[in-house]
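Below: the structure, in structure tokens.
The values are calculated or read from the model by the stated rules, or taken from the named source; none is laboratory data. Everything quoted here is computed from the prediction, not taken from an experiment. Because the Cβ atoms are built from the backbone with ideal geometry, glycine has one as well, and the counts that use them run over all protein chains shown.
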Amino acid sequence: MDNKNDWEKLRAFITEKCFLRSDKPIFKLTSGQMSDFYFDLRRATLSPEGQYLIGNIILEKIMELGLSPVAVGGLTMGADPISTAVAYSSFLKQKPIEAFVIRKEPKAHGTMKQVEGNVEEGDEVIILDDVLTTGKSTIKAIEAARAAGLKTLAAIVLLDRAEHEGRKNVEALGLPLYSIFRKEDF
């Protein structure tokens, strides 16, 4: 796989299908603020082509960083398709990495877990997220993973909007944060 070529393909895909602009700030962000642009990354993370590209690009990033997590995952719903794309790509490359899901709240019945998947206390994991703005959902995922006894190695986001101190907020937890794209790539 040519990582640079796949990165360009994914950038073009996101630009064409996911990057929404307006003359006025009509898009409400999780921070509550309004913006004149929005990245609807579910259009990429839930598409076959997007999943293929995302899974391969993030797996390559993990290998490039020299990390060897047992699993990747994050807060449902943004991280779910990304995690499964990475897990699938890792299996195809015979370097299996599990996927896990962090519920917004612990399950109220059955196992009553907040973290679901083939992970156990002490496992090294990477937290994934689709878009970083304030860092709130990434931080919630990190805190839940740590509360479940998982060792967080890093956080990787598909897109860093590079505003509202999201990167600073995540890194304040003592965890390195990497992004595949930044706002200026679009």
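Determine whether region 59-78 contains at least one residue that is among the acidic types (D, E) and under 23 Å from E8 (Cβ atoms).
Keep residues of region 59-78 that are among the acidic types (D, E), which gives 60, 64.
Add one more test, that the residue is under 23 Å from E8 (Cβ atoms), and what stays is 60, 64.
Yes: region 59-78 contains one or more residues that are among the acidic types (D, E) and under 23 Å from E8 (Cβ atoms).
Quick check: is even one residue across region 173-182 buried (at least 16 other Cβ atoms within 10 Å of the Cβ), of a type in the set (K, R) and either at pLDDT 95 or above or part of a strand (DSSP E or B) (or both)?
No, the conditions are met nowhere in region 173-182.
Return the residues of region 19-46 that are part of a loop (DSSP other than H, G, I, E, B), on the phi < 0 side of the Ramachandran plot and without any contact (Cβ under 8 Å) to a residue 12 or more places away in the chain; say none if nothing qualifies. Walk me through how you get there before you give the answer.
Let us first name the residues in region 19-46 that are part of a loop (DSSP other than H, G, I, E, B), namely 22-26, 29-33, 36, 40-41, 46.
Checking the rest, the ones that are also on the phi < 0 side of the Ramachandran plot come to 22-26, 29-31, 33, 36, 40-41, 46.
Within region 19-46, P25, I26 qualify.
Please enumerate the residues belonging to region 114-153 that are hydrophobic (A, V, I, L, M, F, W, C), in contact (Cβ under 8 Å) with a residue 40 or more places away in the chain and more than 21 Å from V70 (Cβ to Cβ).
V131, L132 - these are the residues of region 114-153 that are hydrophobic (A, V, I, L, M, F, W, C), in contact (Cβ under 8 Å) with a residue 40 or more places away in the chain and more than 21 Å from V70 (Cβ to Cβ).
I need a count of the residues in region 138-172 that are at pLDDT below 95 and either among the small types (G, A, S) or over 16 Å from S35 (Cβ atoms) (or both).
Here is the first cut: in region 138-172, the residues at pLDDT below 95 are 161-166.
This time we only want the ones that are either among the small types (G, A, S) or over 16 Å from S35 (Cβ atoms) (or both), so: 162, 166.
Within region 138-172, residues that are at pLDDT below 95 and either among the small types (G, A, S) or over 16 Å from S35 (Cβ atoms) (or both) number 2.
Where residues in region 77-117 are modelled with pLDDT of 95 or more and among the polar types (S, T, N, Q), which of them is surrounded by the most Cβ atoms within 10 Å (Cβ to Cβ)?
Applying the filter and picking the extreme gives S83.
Report, by residue number, each residue of region 88-113 that is under 26 Å from D40 (Cα atoms) and either among the hydroxyl-bearing types (S, T, Y) or touching a residue at least 24 places away in the same chain (Cβ under 8 Å) (or both).
Step one: of region 88-113, the residues under 26 Å from D40 (Cα atoms) are 88-90, 98-105.
Y88, S89, S90, E98, A99, F100, V101, I102, R103, K104, listed by residue number.
Under the condition of being under 24 Å from T84 (Cα atoms) and of a type in the set (S, T, N, Q), which residue from region 31-47 is surrounded by the most Cβ atoms within 10 Å (Cβ to Cβ)?
Only one residue fits best here, namely T45.
Answer yes or no as to whether L53 is under 14 Å from the mean Cα position of the chain (by Cα), modelled with pLDDT of 95 or more and surrounded by fewer than 22 Cβ atoms within 10 Å (Cβ to Cβ).
Numbers: under 14 Å from the mean Cα position of the chain (by Cα): yes; modelled with pLDDT of 95 or more: yes; surrounded by fewer than 22 Cβ atoms within 10 Å (Cβ to Cβ): no.
So L53 fails the test.
Can you tell which of I58, I62, I126, I82 is within 15 Å of the chain's Cα centre (by Cα), under 25 Å from W7 (Cβ atoms) and not in a helix (DSSP H, G or I)?
Values: I58 fails: not in a helix (DSSP H, G or I); I62 fails: not in a helix (DSSP H, G or I); I82 fails: not in a helix (DSSP H, G or I).
None of the other options fit; the residue is I126.
Among what's in region 154-172 and is of a type outside the set (G, A, S) and surrounded by 22 or more Cβ atoms within 10 Å (Cβ to Cβ), pick the residue that is farthest from Y52 (Cα to Cα).
Within region 154-172, the match that is farthest from Y52 (Cα to Cα) is V170.
Does at least one position in region 31-43 carry a residue that is modelled with pLDDT of 95 or more and of a type in the set (S, T, Y)?
No, because not a single residue in region 31-43 is modelled with pLDDT of 95 or more and of a type in the set (S, T, Y).
Could you please find all residues in region 133-153 being buried (at least 19 other Cβ atoms within 10 Å of the Cβ) and part of a strand (DSSP E or B)?
T152, L153, listed by residue number.
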